Amino acid sequence: MRLLKQLWIVIGAVVAAFLVSWVLYMPDANERGVWRSQTGGQIITLSPLKAQLYSESSASCVHQLTFPAHMKLVEMAEGATVQVVGEALHLLADGTLEPILFDRIAALPDTCGAFNPNAPALDVFNAMWAAMDEHYAFFSLHNVDWDARRDFAPTGAPTLTNEDLFALLSETLTGLDDGHVQLVSPFDGFSPAVRPSWLPEGDTQVRETLTQIARDTVGPALTPVELTGVEFTLMPDGVAYVLIRHMGLNAPFGTTEQAAMATAFADVAAEIETANAIIIDIRYNPGGSDSVSFGVASHFTGQPVDVLTKTTRNGDGQTEPFTATLQPYDPTPLTQPVILLTSELTGSAAEILTMAMRELPQVTTMGHPTSGGLSDILGFTLPNGWELGLSHQTYRTMDGGLYEGVGIPPDVAFEIETAPLLQGEDPLLRAAFQRARGQLN
């Protein structure tokens, strides 16, 4: 009985401490209320007990997410912080480079509410069409007349099955060669992105297959870095090979992705610091977190470097450019010659890594242009609960280059062909090793 009593005392103390911490870290009076993104698309409500996020367009306003308003817990678990600066609420989410700004509004619009799985097909179509119309940034780039796509709207009695509606919405999006345009339902997913022509047909695990070919070409077993997509080896001749399969990270609780990735990559840097040249292979990297990309790149500079700018679509215009600055991890960066390998499968945050690395003097990019899908994804919940993702931001290199849709061109072009890949060969990687070894002579 004494042990049971002590256990209840401990439980009570923990609960009391948690409640006290909630009081300390709940949104303060200045942060509570209803806030709308300055560029539209999102509404967030903050109260002492909970926070809610809504997807908003001119055609719909649908509840997207609810999370507890213990802001320290949210920061430690998800890396998200909120802060009122002047009259605006700044929401900074882990994985992104700059905060989203919100303006206070009087109340949550009456039109906002939960999704309905049986929402009329026309309502779902109109919500998707409006979200794209008001926020997608690249219709002209892909030569798509979005106004004309309104003719795809379902007419007559709402007799479409879910499968037919999904097919209709997918057809409406077709022509936007953009991997960040995504439609997801409980039973299917779709992106209108076009598959690179050199990829072998019929291989559903093509990234994994190509990655294994790269491993086999290198020869020695690669050392994986825990919690990351990084594998590496230092060859006897002094060339280091670093394979980065994705820009994701299982960040430890209470740590941001950039800090966690920089710490994890420090182990790699220590192992290859004696290398004479470094090959970094992100050819088959689909992306992930921009913060992870900056965590890697921070090991290759000893001083702050402006590496890219980004703007967000704002009505018919764009926001003021935000300049992303790469900060050094420590005063002893890796300054050896670096060859960064890219291909059309290098996407999203892996392209952000490319943009950052190409600003460093020791880096040469080699291979094929990247996929050209650089924007963060703005997510919408449609009236029936399906999810829509779209590209609403424009990234530019520091010299003003815009590579959305066309990909970031390499310094050294190398045509990728299907035939050698089908035979398990990797001509580009062999050429990169030859180039790296030539730099040692």
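Report the local net charge at Pro224: Lys and Arg +1, Asp and Glu -1, summed over other residues whose C-beta lies under 13 Å from its C-beta. That sum, taken over residues with Cβ under 13 Å, equals -2.
Packing, as the average of other Cβ atoms within 10 Å across residues, places the peptides 115-122, 254-261, 389-396 in the order 389-396, 254-261, 115-122, highest first. Each peptide in 327-334, 358-365, 36-43 was scored by the mean count of other Cβ atoms within 10 Å over its residues; highest first, the order is 36-43, 358-365, 327-334.
Distant-in-sequence amide contacts of Val194, defined by a placed amide H-H separation under 5 Å and a gap of 5 or more residues or a different chain, comprise Asp178. Once backbone amide H atoms are built at 1.01 Å from N, Ala240 has Met235, Asn276, Ala277, Ile278, Ile279 as its partners under 5 Å, excluding neighbours fewer than 5 places away on the same chain.
Beta-bridge orientation, the range 166-302: approximately 65 percent antiparallel, per DSSP, counting only bridges with both partners inside. Computed from phi, the 3J(HN,Hα) profile of the range 360-369 under the Karplus parametrisation 6.51, -1.76, 1.60 (θ = phi - 60°) reads 9, x, 8, 9, 10, 8, 8, x, 10, x Hz, with x in place of Gly and Pro. Maximal additional length on extending the Leu53-Leu222 stretch stands at 56.6 nm, based on 0.36 nm per residue less the C-alpha distance. A simple spin-label model places pseudo-atoms 7 Å from Cα toward Cβ; at Arg195 and Ala93 they are separated by 3.0 nm.
Within 14 Å, Cβ to Cβ, of Ser343, how many net charges do the neighbouring residues add up to if Lys/Arg are +1 and Asp/Glu are -1? Counting the neighbours of Ser343, the net charge comes to -2. Full extension of the chain segment joining Gln318 with Asp237 gains 24.2 nm, where the gain is 0.36 nm per residue of separation less the Cα-Cα distance.
What does the charge count near Ala131 come to, summing +1 for each Lys or Arg and -1 for each Asp or Glu among other residues with Cβ under 14 Å from its Cβ?
-2
Across the range 297-306, coupling constants 3J(HN,Hα) worked out from phi with the 6.51/-1.76/1.60 Karplus curve, θ = phi - 60°, read 5, 4, 8, 10, 9, x, 8, x, 9, 6 Hz, and Gly and Pro carry x. Using alpha carbons only, the radius of gyration of the chain set against its Kirkwood radius gives Rg/Rh = 1.01.
Once the Cα-Cα distance is subtracted from the 0.36 nm per residue extended length, the Thr111 to Ser170 segment shows a gain of 18.6 nm.
Protection proxy ranking of 232-244, 161-173, by the mean of other Cβ atoms within 10 Å over each peptide's residues and highest first, is 232-244, 161-173.
The numbers here are math on the coordinates, done by the rules we state, and not lab data. Small disclaimer: the values here were computed from a predicted structure and weren't measured. Here Cβ is always computed from backbone atoms with ideal geometry, including for glycine, and neighbour counts include all displayed protein chains.
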